Amino acid sequence: MHAPDSSFNDLDDGIDFSDVQQIKRGLIASMVRVVGFDPDSAGPHDWFLALASLLRGHLSEQGMHTSRSQYGKDVKRVYYLSMEFLTGRRLMKHLLDLGIEPQVRAALTALGQNLDVVAEQESDAALGNGGLGRLAACFLDSMATHAYPGYGYGIRYEFGMFSQTIENGQQVEHPESWLQNGSPWEIVRHNLNYTVRFGGRIVCFRDEQGHESCRWVDTDDVIAEAYDLKETGFGGSIAVNLRLWSARSTQDFDLRYFNEGNYIEAVKEKTVSETLSKVLYPMDTTLMGQELRLKQEYFFVSASLQDILARFLKVHKNPRLFPEKTAIQLNDTHPALAVPELMRLLMDHCGLNWEDAWDITRNSFAYTNHTLLPEALETWPLDLMETLLPRHMEIIYRINHYFLQDVRRTYPGDGDKVRRMSIIDDATRRVRMAHLAVVGSARVNGVAALHTHLLRERVFPDFDRMYEGKFVNVTNGITQRRWLLQSNPPLAALVSEAVGPQWIRDLDRLRDLEALADDTAFQDRFLAIKRQAKVRAAALIEERCGLCVAPETLFDIQIKRIHEYKRQLLNILQVIARYNRLRSANAPDLLPRTVIFGGKAAPGYFMAKKIIRLINDVAEIINHDPLVRGRLRVVFVPNYNVSTAEILIPACDLSEQISTAGTEASGTGNMKFALNGALTIGTLDGANIEIREEVGGDNIFIFGQTAEEVAHTKANGYNPWDWVNADEELRRVIDMIRDGFFNMEQPDRYHPLINAVLNQGDPFLVMADFRSYVEAQAAVDALYLDQRTWARKAILNVARMGKFSSDRAIHTYARDIWGVGSMVADA
Ligand code: 26V
C-alpha cells in the first residue's frame, strides 16, 4: 500500500498572479461563482468580495505549504494567545506581501474598477482596543515575514471596537459590525470545534492502586468553532494562521420546552451561550469584574489549549516533550487561565501526576505585562471563579499551596511577604491573575526598558528576587511593512531609492539615510512628500469634520486612546495658552499650527469623555475666532482606528507622546510617527526614552518630570494648586475653563473635571509638567521656522528607527523567550 497522492503544487485552476489576463479571468470567475453577481452590474463592493475570495484561496494554499513543512520538520512552535488582534484592513497588505499590487490594479482597471476604491470597501477588523491588540497584529506580520512557526489564537467577536461619532462635542458609541457584509477572508471550520465547560461540580475517586482522580461533571457547555485567517508575511511564501473562536450553543433547541410548545424559551439557552463571542469589551483599564468577560477569557483559552494539545499529540505520544515543542505566549493576564487549564488537561485527560504536569506547564508559558496601572491588573472574585470554574480553582489553590511553601523557604519568617505574594488575596477574596501568570511562566517580560525596570522594582520586587532571570525586557516594535511601506508609499519609494529595498525586511538598513540628512535636494523631496501626506489628511478632516485645514501649518497630532494618564488634558491646556498669546498679539512669531486629536474613550469612563468634550468645545471657539484665523486650528477626528492612523501618521510634523513618566508601558504610536518623519515632543516615559537614545537628544523635544521625580514629587505631598498659583499663564487657562469661557451655555460643565484634577491631587501631574511642556512647545515653534534644520532632524529620526521594528522584537522573543528558530534559517 502506498500513501495517497495529495500534493497540491499544481492545481489546474491555480492562477498565475503575475499575469494580468489570468487575474482578470479569475476575478470574473470568482464574481460569478462565489459572489454570485453579474460582472456587468457589479459595484466596487462586489469586486472587493470577488478579489478577496480569489486571494483567500491562494493564501490557503500558501498556508498549507507552511503547515506541511512545519509538520515535516517537527519544529518547535510558538502560540500567541491574545484577547485582541487589531489587524485593520487586509486587502492592500496581502497585495503588497504577495508583490502583485500592480497586476491586480491593472486587472481591475480592465474591468472598469479602481483598486483604491475597491480597497476602501473593506471594513476595519477592529478586534482590539489599542496598543496591546495592534502589537499582536504587528507580531504576526513579523513572524510570517521571518518564517517563525507562529500561530495566533483569539476570539472572533461579532462586534469589535465600537465606532465613534461626535455629537454636540460629545462621544456617541455605535455598534461596529465588521461582519455585516460578510468577511471574505475567513475560512470557516464548522467541523473543527471543542466543547468548553462551565459550572458543575467535581467528583473524585480512588482506583485500586490508591491513585486519586477527579471528574468535572454536570457542566454547562458551549462549543467553540474555529475561523481561520491567514496572515501573510512579506514575500508571500509563508502564512501564519490566526485562529479565532466563535461560540455556538451545544443545543439548537431545548426539547423539553419545545415539546411543551414554548418555542421562545426553547432557543433562549442558545442565545445566551452565543453571547460569549458577541462583543469586545471596549475598555482597557478598569476591570469591572463582569462574569461575561471572565467567561470570554476561559472560553478562548480552553478551546486554544485543547487545539494546541491535540496538534501536539497527533505527532508525539509523550506529553513530557510538550515544552520542547511548544512555547505559549500570554498577551497580558487575559489568557492566564491557560496555566490551570493546561494542568487540568494534562492530569485529567492525559493521566499525568501533579509533579509532571507542573513541570511541563511552567516550562511552556511566558507572560508579557503591558501595564503598571494598578486598576488594570486583573483580579477575579473567588466565589465567581469557584462557581464558574470549580476544577480550576482547586488547581489554583494547589499551585498556590506549593508556591507559598517555596516563598516560606526563600523568605523564612516573613508572613507579610507570604500574604503579599500569594496568588489569592485573602483580604479581598480575589485571585490575582498576574501572580498566577508569573508563577506559571518560565519568563515574564515588560515592553520597554523603563517599564521592565519599574515592573521589577515596584510591581513584582519579591518575585524578581525569588526567581532570578525570570524577568526580562523586550522593547516593543512595529512592522515597517504596514507603517511605512503600505501607509506611506511615496516615502517608502524615496527610502528605497536612497538606500535600496532591504529595509523592508531589515529596518536597520535605514541607517544609510543619515548620509542624506544634509542633502538639500533630498530634504526638498522629503518635505514635498510630507506635504502631499498633509493634503491627504486635510481631505480626510474636511470629509469627517467639515473643517478646512491648511497643509502649510504645522500638523501637531495626538492620536491614541483617551486616558487621564496619556494627558490629552495637558495638550489642550497648552492649546488654550497658545490661543491666549495669539489673541494678546504679543506673539507674532508663533507659527501657524493645526492641533489634531483622535481617540476613543471607554463608554463608562467619565473623565475621558469630559476631556473629549472639552477638546471639542475649545475647538469650536478657536476655529470661529477671526482673531486667530490662519494661525491656530483645533481638530478632533472622530472614529480613530487603524485605517485613520494610516492616513494621519504620514501627515504628522509633531508627535505628541506626553504621558506622565512611569505610566505608559511603551507606546507604539511614538515609533510609527518617527518612522514617518515626525519629531517627537514627549516625556521620559516608555519607549520614548529609547527613542531619544537612538535619535539623539538634539532630535527630540523632551520635557517634564522623570519617573523618579514623579515619585519624589508625590512622596513630598504634591499640591497642584501651588503650581497653578505660581504660574500666571496656567492660572488664566484654568480660570477660563472654570468660568465657562468655552461653553457659555452651560458654564459649570467642566467643574467636575477641574475639581477632579485640582482638588483630588492631580495624580498625573498635569499642573507640575505644564510649564516645561509650554517651553518645549516654544522650542518646536522656533525650530519649525527653519525648515532645513527641521527636515534634517526629521530625516535623522527616520534613519535611526531600525531598533523599533517588530522584527527585532520577534527575533528577541524567539531567541530569549521561546527558543524557536526561523524555518528559513533551519532549512
Ligand atoms: C486591559 C484590560 C483590563 C480589563 C478590562 C479589559 C482590558 C483590555 C485590555 C487591557 C490592556 C491594557 C494594556 C495595554 O493595552 N497596554 C498597552 O500595551 C501596548 C503594547 O505593549 C503599550 O505600547 C502601551 O504603552 C500600553 O498602554
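Listed here are the residues, each with its yes/no results for (1) surrounded by 21 or more Cβ atoms within 10 Å (Cβ to Cβ); (2) of a type in the set (Gly, Ala, Ser).
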residue: Arg419; (1), (2): no, no
residue: Leu436; (1), (2): yes, no
residue: Ala442; (1), (2): no, yes
residue: Leu450; (1), (2): yes, no
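Among the residues making up segment 170-203, a single one is under 27 Å from Trp216 (Cα atoms), among the charged types (D, E, K, R) and loosely packed, with under 15 Cβ neighbours inside 10 Å: Arg201. Considering Asp762, Asp807, the condition of being under 29 Å from the mean Cα position of the chain (by Cα) and on the phi > 0 side of the Ramachandran plot is satisfied by Asp762 alone.
State yes or no: is Ala756 on the phi < 0 side of the Ramachandran plot and modelled with pLDDT under 95? So Ala756 passes the test.
Only one of Ile615, Ile611, Ile622 is more than 29 Å from Ala492 (Cα to Cα), touching a residue at least 12 places away in the same chain (Cβ under 8 Å) and in contact with an Asp or Glu (Cβ under 9 Å, 6 or more places away or on another chain). Can you tell me which? Criteria check complete, one pass: Ile611.
Given the criteria within 20 Å of Ala778 (Cα to Cα) and in contact (Cβ under 8 Å) with a residue 60 or more places away in the chain, does Gln657 qualify? Criteria not met by Gln657.
The rows are residues; the columns are (1) within 16 Å of the ligand (Cβ to nearest atom); (2) at pLDDT below 95; (3) open to solvent by less than 20 Å² (accessible area, probe 1.4 Å).
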{"position": "Ala357", "(1), (2), (3)": "no, no, yes"}
{"position": "Tyr367", "(1), (2), (3)": "yes, no, yes"}
{"position": "Glu375", "(1), (2), (3)": "yes, yes, no"}
{"position": "Leu388", "(1), (2), (3)": "no, no, yes"}
{"position": "Met393", "(1), (2), (3)": "no, no, yes"}
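Taking segment 261-286 as the range and being modelled with pLDDT under 90, within 15 Å of the ligand (Cβ to nearest atom) and open to solvent by less than 50 Å² (accessible area, probe 1.4 Å) as the test, the residues that pass are Met283, Thr285. If I filter segment 308-316 for residues that are within 16 Å of the ligand (Cβ to nearest atom), outside any loop (DSSP other than H, G, I, E, B) and crowded, with 19+ Cβ neighbours inside 10 Å, do I get at least one hit? No: zero hits. Of all the residues in segment 639-688, those that are within 16 Å of the ligand (Cβ to nearest atom) and among the hydrophobic types (A, V, I, L, M, F, W, C) number 12.
Every condition in (1) open to solvent by less than 30 Å² (accessible area, probe 1.4 Å); (2) within 16 Å of the ligand (Cβ to nearest atom) holds for Thr379 except the one numbered (1). If I filter segment 475-493 for residues that are of a type outside the set (S, T, N, Q), at pLDDT 95 or above, away from the ligand (no atom under 15 Å from the Cβ) and open to solvent by 50 Å² or more (accessible area, probe 1.4 Å), do I get at least one hit? Checked segment 475-493: at least one residue is of a type outside the set (S, T, N, Q), at pLDDT 95 or above, away from the ligand (no atom under 15 Å from the Cβ) and open to solvent by 50 Å² or more (accessible area, probe 1.4 Å).
The set of residues from segment 331-353 being open to solvent by less than 20 Å² (accessible area, probe 1.4 Å), at negative phi and touching a residue at least 40 places away in the same chain (Cβ under 8 Å) comprises Asn331, Thr333, Pro335, Ala336, Leu337, Ala338, Val339, Pro340, Glu341, Met343, Arg344, Leu345.
For segment 381-409, give me each residue that is over 24 Å from Arg215 (Cβ atoms) and touching a Lys or Arg at 6+ places or on another chain (Cβ under 8 Å). Of everything in segment 381-409, those that are over 24 Å from Arg215 (Cβ atoms) and touching a Lys or Arg at 6+ places or on another chain (Cβ under 8 Å) turn out to be Pro381, Val407.
The set of residues from segment 741-772 being among the aromatic types (Phe, Trp, Tyr) and touching a Lys or Arg at 6+ places or on another chain (Cβ under 9 Å) comprises Phe742, Tyr750, Phe764. Would you be able to tell me the number of residues in segment 777-798 that are open to solvent by 50 Å² or more (accessible area, probe 1.4 Å) and closer than 17 Å to Phe673 by Cα? Total meeting the criteria: 1. Scanning segment 527-537 for residues that are open to solvent by less than 20 Å² (accessible area, probe 1.4 Å) and either touching a helix residue (DSSP H, G or I) at 6+ places or on another chain (Cβ under 6 Å) or free of Cβ contacts under 8 Å to residues at least 40 places away in the same chain (or both) yields Ala533, Lys534, Ala537. I'm trying to understand the selection: among the residues of segment 215-257, which are open to solvent by 20 Å² or more (accessible area, probe 1.4 Å), assigned to a strand (DSSP E or B) and under 18 Å from Thr195 (Cβ atoms)? Matches in segment 215-257: Arg215, Val217, Asp220, Asp221, Ile223, Tyr227, Arg248.
The values are calculated or read from the model by the stated rules, or taken from the named source; none is laboratory data. Here the structure is a predicted model, which is why all the values come from computation and not from measurement. Ideal geometry is used to build each Cβ from the backbone, glycine not excepted, and the neighbour counts take in all protein chains shown. With ligands, DNA and RNA removed, areas are computed over all heavy atoms of the protein, side chains included. Shrake-Rupley method; radii C 1.70, N 1.55, O 1.52, S 1.80 Å.
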